[in-house]
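The values are calculated or read from the model by the stated rules, or taken from the named source; none is laboratory data. If you're wondering where the values come from, they're calculated on a predicted model, not measured in any experiment. In this analysis, Cβ positions are derived from the backbone assuming ideal geometry, glycine residues included, and neighbour counts consider all displayed protein chains.
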């Protein structure tokens, strides 16, 4: 091949730039750039959405914390002031005692006047606790001994077929249907003469079980 033909062939050969432009990668470059921009836009949108969701989460968390603190405060207030209505009513009873004592003093320490005042206050207090708060006293004397209702602090032999309350030392009370204080009683035990006091089963208090 002559030098002229070789030079002509070299001139007809594509340059490196032309080879790059004609290559498949060069042909796909615009599509790749478009895809990159699309992905960058999607990433920016996701970042924005993530930032928004994070902000919403932090707001919800703050709202929950405030709600929880408020609930604790309300619970503490409810426990602390649960008996406020009863206390206000009892303050009225204290006022009655003050007036009864003042009346007795004004009449030269009149015992009869003081006694009548105290009895009146007692009646009012019982009516208040029963009518407004559901506290009721139950009678025990003559009733069959019930450990759910009675606390035996003494016993004696008796002519009964089963343990029976012979004497009530301290009254028992129910709040609605729940026993809030058992009655303290003496129990008459059937067929147990000389049974030690304090145990309706006839066992000595403090002994071996």
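Quick notes on this structure:
- Against the conditions (1) surrounded by 10 or more Cβ atoms within 10 Å (Cβ to Cβ); (2) within 30 Å of residue 131 (Cβ to Cβ); (3) modelled with pLDDT under 85, residue 79 satisfies every one except (1).
- Qualifying residues in segment 117-133 (those that are surrounded by 14 or more Cβ atoms within 10 Å (Cβ to Cβ) and free of Cβ contacts under 8 Å to residues at least 24 places away in the same chain) - the one nearest to residue 184 (Cα to Cα): 129
- Selection status of residue 80, within 30 Å of residue 191 (Cα to Cα) and free of Cβ contacts under 8 Å to residues at least 60 places away in the same chain: no
- Test: residue in segment 134-146 that is at pLDDT 95 or above, within 30 Å of residue 188 (Cβ to Cβ), assigned to a loop (DSSP other than H, G, I, E, B) and under 33 Å from the mean Cα position of the chain (by Cα): yes
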